[in-house]
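This report concerns only the one structure given below.
The values are calculated or read from the model by the stated rules, or taken from the named source; none is laboratory data. Owing to the predicted nature of the structure, the values given are computational and were not obtained by experimental measurement. In this analysis, Cβ positions are derived from the backbone assuming ideal geometry, glycine residues included, and neighbour counts consider all displayed protein chains. In case anyone asks, the SASA skips ligands and DNA or RNA and just uses the protein heavy atoms, side chains included. Shrake-Rupley method; radii C 1.70, N 1.55, O 1.52, S 1.80 Å.
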There are 2 protein chains.
Amino acid sequence: MFRKGYVGAGVRDIVAEAGVPQGSFTNHFRTKEAFAREVLDRYFDHVKVLVGQALNDESLTPRERLRRYLEIITARLEADGFARGCLIGDFSLEAASLSEALRERLVAIFAEWRGPFEVSIAQAQAAGQISSNFAADDLADFLLASWEGAILRMKVERDGEPLERFKRIVFATVLKDAHG
Amino acid sequence: MFRKGYVGAGVRDIVAEAGVPQGSFTNHFRTKEAFAREVLDRYFDHVKVLVGQALNDESLTPRERLRRYLEIITARLEADGFARGCLIGDFSLEAASLSEALRERLVAIFAEWRGPFEVSIAQAQAAGQISSNFAADDLADFLLASWEGAILRMKVERDGEPLERFKRIVFATVLKDAHG
């Protein structure tokens, strides 16, 4: 699904890749939509581990934790030669308009994903590390949405520069160090 | 292609929708990839008209022209009930990894798209309307990439709030009024 997309990955491809009979697939998942939902959930479980690694790192300031998250993701994307992006972003553009169930799941995923970022941003604001001109949840949503945009450009360019540009500009403006 | 995606829109669907025999399609386009390239080019031609409407509007300051562009696009997206996004963004996530020809075309489209934004940003910087901390081409690339991210979130939420949030935050930070 990551390589061929939601539409492109047929059930036949999936069972061939997994080396299981097609009956095993249909026993477990009524539809490709149900399978995609499971794939998306497992992907997001993995993302949440990376979020925790960065945003729960007490050795860093809240502002530094935000940057740490983006650096962890950048390293993952680089390891794939900048050829694969984010399955959540891919599904947002490809599957959300085809499946109402996946769209609703994506709404919930973005809301849950935002949570720890909202907390770190609120902590950074309380510590005077970044400006309090915007609500923490607004900034968290902006950050994750714009980062998806940077990943989109990265996939087109096959290059990490859109990610570096994003970090350079965002940390000097939207998440500007209020002490510096 | 806009509704079903690059993979989802089969040649059979396309000729059925167009009400032409399949032979007409294969006479004009050797492959679906060639057809998609034509669709993408025509879409971008339309985008360029909208860019011109906003960024060549001499009655506005260069900074106001940037906002005008985002308002024009917002109105278009709203007219579609926020259910369709941007074909360039859709193809970036779905088709760029499947077709090298489309990926290369997308690289060229983003470079051309950036041009007039770079000019308006440089003019706004020269007039002291926005900060000169970043190069105009960098800011233009950031703006278009992050806007694609906002559209991605809009498609998931089926709501204009991600677009409004983007404008609210970007014009108060990255494109902050240097006079205000």
- Take every Cα pair under 8 Å in segment A:32-172 that's 6+ residues apart, average their separations, divide by the length, and report that relative contact order as a whole percent. 27 percent
- Query: Total accessible area buried between chains A and B, 1.4 Å probe, in Å² to the nearest 100?
  - Reply: 3800 Å²
- The farthest towards the positive end of the charge dipole of chain A, of the residues A:85, A:22, A:171, given +1 on Cβ of Lys and Arg and -1 on Cβ of Asp and Glu, is A:22
- Assigned charges on the beta-carbon of Lys, Arg, Asp, Glu; the protein assembly as shown dipole about Cα centre (debye): 400 debye
- Summarise the partner chain shielding of B:155-163 as one whole number: the mean count of Cβ atoms from other chains within 10 Å of each residue's Cβ. 5
- Query: Is there a simple number for the mean count of other chain Cβ atoms within 10 Å of the Cβ of residues in B:60-68, and what is it?
  - Reply: 0
- Over what distance in Å are the Cα centres of segment B:61-77 and segment A:1-62 separated? 37 Å
- May I ask for the net charge around residue B:134, where only other residues with Cβ less than 13 Å from the Cβ of residue B:134 are counted and Lys, Arg are +1 while Asp, Glu are -1? 0
- Message: Quick check of the Kirkwood formula: for chain A, what is the inverse mean of 1/r over all pairs of different Cα atoms, in Å?
- Response: 17.6 Å
- Item | Acute angle (nearest 10 degrees) that the helix B:62-79 long axis makes with the longest principal axis of chain B, alpha-carbon atoms | 40 degrees
- Task: Enter the accessible area per residue of segment A:32-172 (Å², integer; probe 1.4 Å; all protein chains in place).
- Result: 37 Å²
- Under the Kirkwood approximation for Rh and a Cα-based Rg, what ratio Rg/Rh is obtained for the protein assembly as shown? 0.98
- Which angle between 0 and 90 degrees, to the nearest 10, do you get for helix A:136-157 versus the longest principal axis of chain A when only C-alpha atoms count? 60 degrees
- Item | Label point 7 Å beyond Cα of residue B:15 along Cβ direction - residues of segment B:30-48 with amide nitrogen under 14 Å | B:30-32
- Counting Lys and Arg as +1 and Asp and Glu as -1 over every other residue whose Cβ sits under 11 Å from the Cβ of residue B:114, the net charge comes to -4
- Message: Taking the 0 to 90 degree range and rounding to the nearest ten, how far is the long axis of helix B:161-172 tilted relative to the main principal axis of chain B, both from C-alpha atoms?
- Response: 30 degrees
- Sorted by mean Cβ packing within 10 Å, highest first, what order do the peptides B:50-58, A:133-141 take? A:133-141, B:50-58
- Message: Against the empirical 2.2 N^0.38 Å scaling, what ratio does the C-alpha Rg of segment A:77-153 come to?
- Response: 1.28
- Note, segment A:106-118: 3J(HN,Hα) by Karplus (6.51, -1.76, 1.60, θ = phi - 60°), whole Hz, Gly/Pro = x, goes 5, 4, 5, 4, 4, 5, 6, 4, 4, x, x, 5, 4
- Query: Carbon-plus-sulfur fraction of the accessible area of the protein assembly as shown, 1.4 Å probe, in percent?
  - Reply: 48 percent
- Item | Rounded to whole Hz, the Karplus (6.51, -1.76, 1.60) HN-Hα couplings of segment B:46-61, x for glycine and proline | 5, 4, 5, 4, 5, 4, x, 3, 7, 7, 9, 6, 5, 6, 10, 6
- Message: Students often check this: by mean Cβ neighbours within 10 Å, which of B:150-163, A:95-108 ranks highest, and how do the rest follow?
- Response: B:150-163, A:95-108
- Item | Total charge dipole magnitude, segment B:33-172, about the Cα centre, Cβ charges on Lys, Arg, Asp, Glu only, Debye to nearest 20 | 340 debye
- Closest approach to the B-A rotation axis by any Cβ of B: residue and distance in angstrom? B:149, 1
- Item | Other protein chain Cβ atoms within 10 Å, averaged over every residue that makes up A:84-92 | 4
- Item | Cross-link table A:48/B:48; B:4/B:176; B:32/B:155; A:4/B:176; A:48/B:32, entries beyond 31 Å C-alpha to C-alpha | A:48/B:48; B:4/B:176; A:4/B:176; A:48/B:32
- Inverse mean reciprocal Cα-Cα distance (Kirkwood Rh) of segment B:5-111, Å: 15.7 Å
